[in-house]
């Protein structure tokens, strides 16, 4: 699966509230420097312009805490 497809699936999992899929896909995006859509940044409480890697680490940290 290419990077764009991974990012799309990650966004879809976040939007659907699919925690398991979000965490699984986050593991592949921890090094992605592609910018996250600003709407998603706002939804997650991340600074505008954050990279997918920031969201991936946020998802993984949140999942580990629960």
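We did not get these values from a lab; they are worked out from the coordinates using the rules stated. Everything numeric in this text was worked out from a predicted model, so none of it was measured. Cβ coordinates were reconstructed from backbone atoms using ideal geometry, including for glycine residues, and neighbour counts include every protein chain displayed.
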Output the number of the condition that residue 49 fails; it satisfies all remaining conditions of (1) surrounded by 11 or more Cβ atoms within 10 Å (Cβ to Cβ); (2) assigned to a loop (DSSP other than H, G, I, E, B).
-> (1)
List, please: which pairs have Cβ atoms under 6 Å, are six or more places apart or on different chains, and start with a residue in the range 8-24 that is at negative phi and end with one that is loosely packed, with under 15 Cβ neighbours inside 10 Å?
-> 23/63
Does residue 60 meet the test of being surrounded by 12 or more Cβ atoms within 10 Å (Cβ to Cβ) and part of a loop (DSSP other than H, G, I, E, B)?
-> no
Among residues of the range 24-44, those that are buried (at least 18 other Cβ atoms within 10 Å of the Cβ) and assigned to a helix (DSSP H, G or I), counted | 4
